[in-house]
Amino acid sequence: MVDSFIQISIQRQTLELWQRDTLLQRWPVSTALKGVGSQSGSYQTPLGLHRIRACIGAGAPLNSVFRGRRATGEIYNEDLARAHPDRDWILTRILWLCGEEKGLNRGGNVDSQRRYIYIHGTPDTEPMGVPRSHGCIRMTNQDVVALFSQVQPGIPVRIKY
């Protein structure tokens with residue numbers, strides 16, 4: 001969409017899709033349990049201006065499991081969750097973010113793309129509106145599908161406190 005952008009609020013735990021000065025939609029999200037930060041290995045959500053580098057998972061069924069940005073062929077369910085209790089589930093769609101601010105979220109030990117910071121789906125049992133992720137921005141599977149259908153690579157994403 002022309003002149004579209006995404007704004008993520010850590011404080012409000014929301015993701016908003018805008019077109020120019022019009023709010024198109026707002027969804028609840030879950031950002032990092034460990035708060036904000038950009039350091040590699042911090043498990044924190046980075047602040048600042050990003051852009052969508054890649055949109056991954058078009059057409060995949062709801063609850064499709066991704067590892068290394070590739071669909072595994074698995075569909076998330078309770079049995080799979082019990083078999084892999086420590087897995088950080090990345091489901092349904094991935095919007096891979098690339099930092100745009102050198103030293104803040106781009107380059108060196110603060111590079112959002114190399115940290116694999118995504119907007120992605122998560123199990124429906126995970127609460128939204130509460131910080132619980134390992135650094136990414138989690139959405140419900142239905143919500144990430146709705147967002148995915150309205151964005152494309154290159155769209156700006158601002159993550160603010």
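For the stretch 46-62, the set of residues classified as surrounded by 18 or more Cβ atoms within 10 Å (Cβ to Cβ) and either among the β-branched types (Val, Ile, Thr) or within 19 Å of Asp124 (Cα to Cα) (or both) consists of Ile52, Ile56, Gly57, Ala60, listed by residue number.
In this structure, Arg70 does not satisfy being surrounded by fewer than 20 Cβ atoms within 10 Å (Cβ to Cβ) and under 19 Å from Leu147 (Cβ atoms). Considered as a group, the residues in the stretch 27-42 that are under 18 Å from Asp124 (Cα atoms) and in a strand (DSSP E or B) include one that is most open to solvent (accessible area, probe 1.4 Å), and that residue is Pro28. When the stretch 142-161 is filtered for residues that are of a type in the set (D, E, K, R) and closer than 14 Å to Gln7 by Cβ, the ones remaining, listed by number, are Arg158, Lys160. For the stretch 112-130, the tally of residues that are open to solvent by 10 Å² or more (accessible area, probe 1.4 Å), under 17 Å from Leu49 (Cβ atoms) and touching a Pro at 6+ places or on another chain (Cβ under 9 Å) stands at 1. Applying a threshold of 7 Å to beta carbon distances and a minimum spacing of six or more residues, or different chains, the list of pairs starting in the stretch 8-28 at a residue that is over 13 Å from Ile137 (Cβ atoms) and in contact (Cβ under 8 Å) with a residue 12 or more places away in the chain and ending at one that is open to solvent by 50 Å² or more (accessible area, probe 1.4 Å) and of a type in the set (Phe, Trp, Tyr) reads Gln11/Tyr161; Trp18/Phe5; Leu24/Trp18.
The values are calculated or read from the model by the stated rules, or taken from the named source; none is laboratory data. Predicted model, so just to flag it, every value in this text is computed and none were measured. FYI the Cβ positions are ideal-geometry reconstructions off the backbone, even for glycines, and counts take in every protein chain you see. Only protein heavy atoms, including side chains, enter the accessible area calculation; ligands, DNA and RNA are left aside. Shrake-Rupley method; radii C 1.70, N 1.55, O 1.52, S 1.80 Å.
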